[in-house]
Amino acid sequence: ADIVLRGGRVQQVSKFKYLGSLVTSDCTLDAEINARIGRAAAAFQGLRHVWEAPSHKFGVGLKSVVYKTCVLPILLFGSECWALPDGLSQRLNVFHNNCLRSILGVRRSDRHSLDYIYARCSEHSVDAYLSVNRLRQLGHVVRMTHIRLPKLALWNAPPGPRFEGRPRIRWCDLARRDCAAVGVVPVHLDDCCSDRSFWRKNSLTLLPRKREA
């Protein structure tokens, strides 16, 4: 449809950037994930002197803190609104795991388990971070008034028949799964989210502290 704004016709594009995230016409996240991985890889390469520093100068714990502060937020920017299929979340996990191996100075051929790598770096999988970010966003939306559009759109489905084939994964489906992981049932969701401190502590149970192995 032609849209005229301030006397000019709005150009139709296949994708555009909004608040730092890529929005595509087909409503997929492939382009956004590619951009996130590319920017995070550039930030990781820019800190190569930190990862390659000797252990007596920068230990694994300090390198992990730098990674969590300077690289991981770039990789997961806007992730609280993502509804990722398994293939895209696996790509994020592969990049994340490769970065941790570089920090430890090990290779895939060394055949270290992911549990060992996460324990050494005091880290978690990307899936755990995605779940915590979604739960935080869910808490913000549930605490909104009932006339706010995000609150109205949270659990509602558009009317009419859906497209043929397997339905796409929805954000609310992932949010329900995350709530089940922290032991929150939908009936008590409003009461749980109203207590900000409880909701935050409950969400962070998905990211338990780990001791360096």
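The values are calculated or read from the model by the stated rules, or taken from the named source; none is laboratory data. Remember, it's a predicted structure, so these values are computed and weren't measured experimentally. Cβ placement follows ideal geometry from the backbone for every residue including glycine, while neighbour counts extend to all protein chains displayed. Just the protein is used for accessible areas: all its heavy atoms, side chains included, with ligands, DNA and RNA removed. Shrake-Rupley method; radii C 1.70, N 1.55, O 1.52, S 1.80 Å.
Of all residues in segment 57-74, those being part of a loop (DSSP other than H, G, I, E, B) and surrounded by 13 or more Cβ atoms within 10 Å (Cβ to Cβ) number 3.
Gly87 meets all of the listed conditions (1) open to solvent by less than 70 Å² (accessible area, probe 1.4 Å); (2) touching a residue at least 60 places away in the same chain (Cβ under 8 Å); (3) over 30 Å from His188 (Cβ atoms) but one, namely (2).
Condition test on Val94, is it of a type in the set (A, V, I, L, M), under 17 Å from Leu130 (Cα atoms) and free of Cβ contacts under 8 Å to residues at least 40 places away in the same chain?
It is true that Val94 is of a type in the set (A, V, I, L, M), under 17 Å from Leu130 (Cα atoms) and free of Cβ contacts under 8 Å to residues at least 40 places away in the same chain.
No other residue among Asp178, Asp190 is surrounded by 12 or more Cβ atoms within 10 Å (Cβ to Cβ) and among the charged types (D, E, K, R) apart from Asp178. Residues in segment 9-30 that are assigned to a loop (DSSP other than H, G, I, E, B) and more than 18 Å from the chain's Cα centre (by Cα) were compared, and the one that is nearest to Ile169 (Cα to Cα) is Asp26. Among the residues in segment 75-82, are any touching a residue at least 60 places away in the same chain (Cβ under 8 Å), open to solvent by less than 70 Å² (accessible area, probe 1.4 Å) and under 18 Å from Ala128 (Cβ atoms)? Taking every residue of segment 75-82 in turn, at least one turns out to be touching a residue at least 60 places away in the same chain (Cβ under 8 Å), open to solvent by less than 70 Å² (accessible area, probe 1.4 Å) and under 18 Å from Ala128 (Cβ atoms). A residue that is touching a residue at least 60 places away in the same chain (Cβ under 8 Å), out of contact with any His (no Cβ under 6 Å at 6 or more places or on another chain) and not basic (Lys, Arg) occurs somewhere in segment 58-73. Restricting segment 71-117 to residues that are more than 23 Å from Leu29 (Cα to Cα) and either in contact with a Ser or Thr (Cβ under 7 Å, 6 or more places away or on another chain) or among the hydrophobic types (A, V, I, L, M, F, W, C) (or both) leaves a set whose member that is modelled with the lowest pLDDT is Val106.
Might you let me know whether segment 1-17 holds any residue that is in contact with a helix residue (DSSP H, G or I) (Cβ under 7 Å, 6 or more places away or on another chain) and open to solvent by less than 70 Å² (accessible area, probe 1.4 Å)? If you could, list the steps in order and put the result at the bottom.
Filtering segment 1-17 down to residues in contact with a helix residue (DSSP H, G or I) (Cβ under 7 Å, 6 or more places away or on another chain) leaves 15.
Then drop every residue that is not open to solvent by less than 70 Å² (accessible area, probe 1.4 Å), which leaves none.
No, segment 1-17 contains no residue that is in contact with a helix residue (DSSP H, G or I) (Cβ under 7 Å, 6 or more places away or on another chain) and open to solvent by less than 70 Å² (accessible area, probe 1.4 Å).
Considering only segment 42-51, I want to know if a residue exists there that is in contact (Cβ under 8 Å) with a residue 24 or more places away in the chain and open to solvent by 80 Å² or more (accessible area, probe 1.4 Å). Scanning segment 42-51, I find no residue that is in contact (Cβ under 8 Å) with a residue 24 or more places away in the chain and open to solvent by 80 Å² or more (accessible area, probe 1.4 Å), so the answer is no. Restricting the first member to segment 97-122 and to residues that are over 20 Å from Ala53 (Cβ atoms), and the second to residues that are hydrophobic (A, V, I, L, M, F, W, C) and part of a helix (DSSP H, G or I), the beta-carbon pairs closer than 7 Å and six or more apart or on different chains are Asn97/Leu114; Asn97/Ile117. Against the numbered list (1) of a type outside the set (Phe, Trp, Tyr); (2) more than 27 Å from Trp199 (Cβ to Cβ); (3) open to solvent by less than 50 Å² (accessible area, probe 1.4 Å), Pro54 comes up short only at (3).
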